[in-house]
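Derivation of every value follows stated rules applied to the coordinates shown; laboratory data play no part. Computed from a predicted model, the values in this text were never measured in an experiment. Using ideal geometry, Cβ is built from the backbone for each residue, glycine included, and neighbour counts are taken over all protein chains shown.
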């Protein structure tokens, strides 16, 4: 048995748990405060903040290549020595500053166009203009903070990064709820986000310096095996940037199309459905983030076993959560937001819940490609192609006037599963996904059958039954993955 692999598997579970708990905590904060924010702020101002987050999400492709470079290259540099890690951090950091400055400048120049794109509706034009101008400093700060988080995680600060990410999200939402009734609520929330991101940057710079000192990184030597890493970083930036643009188009393009068609006040029902369903990717994001530096240290069968375990766990758990949202989402939305608002969100929620299982498949399946410069272009092309097709479909929908929350949800779900199926092939994970998906679909059908047999049961009983069936299916999927990887190890003599 490989001791290094065993340690990686144990730490993978631990780091994934920290990252997942951070996201679950963020979900609980959102569940508690969204009704307060929506009621006090009104749909127009709430929609304006959703629109800003959509623009930032669409532009997040700018730092994706740097984040992947940090997560895949710095662990190898740290293994080679502290000087190697220092050089890699310097190369990535300099490029992060350049991307942040360029991104902020471009959004500032484009602010008149973005203002016209927002679809202000009932909001004063000046208020929309100020909010759009604040996108520029927020984008720059977010890019630098995201890269700093990635470097910190690559150096082993995963639990701390999870805690800080949760604190950032929670503090922003608390401030949002407190100032929601003010006429300046949008500006205050955006300025708070800028301040939080700047604080994160300062903290991470100090922590990264501490980590480098611990590694014995002094001076400015390049270290062993890291000469000429710039071109490798650039390849990551190019292809993962293309892929991230495709991802962000699928995740945020629908909201921007709805805003353009019906104004920012039309966004809340769809954005609530998207926010809940996209939380299914919590486990996928956590596992993928924790998996990447470990895959950078292993190859061959060891990498296959780590990849299969992470994929089975994330898809099984996301499928279990999707089952609950699919069969119980109407009651949960009604309890959360009231019957009137829930009616507009439930249809898109059911569609997107199933779609985001495909997103989880894609997230983890392509992780092995993302740590290899020679293969990251394949992931980039896949995501980029799906993003282009999704964008064309949205433009066509706008042209024929059929942009509704349900139609956008259907397009998004279709695109997410296209990504998932393509990623299965690229990630060489066909058998793992097939087994896990079969068990998830079986659980979805069994849960639906039970509910249809006893339709009069209450919401709590329905959630308990559906969650029990879904969790059972998820457990079987993970056990099957562990059995299969153990069998592969025995055959390989490890």
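At what distance in angstrom do the alpha carbon centres of segment 453-473 and segment 188-214 lie from each other?
43 Å
In whole angstrom, note down how far apart the Cα centers of segment 383-450 and segment 331-371 are.
Between the Cα centres of segment 383-450 and segment 331-371 lies a distance of 11 Å.
Kindly rank 201-208, 249-256, 451-458 from highest to lowest mean number of other beta carbons found within 10 Å of each residue.
Listed from highest to lowest mean packing, they are 249-256, 201-208, 451-458.
Would you please put 334-342, 465-473 in order of how densely packed they are, using the mean number of other Cβ atoms within 10 angstrom per residue and starting with the highest?
Ranked from most to least packed, the peptides come out as 465-473, 334-342.
Working out 0.36 nm times the residue gap between residue 188 and residue 24, then minus their Cα-Cα distance, what length gain in nm do you get to one decimal?
Extra length available between residue 188 and residue 24 comes to 56.5 nm.
Tell me, 198, 328 in order of fewest to most beta-carbon neighbours within 10 Å?
Final ranking by Cβ density, sparse to dense: 198, 328.
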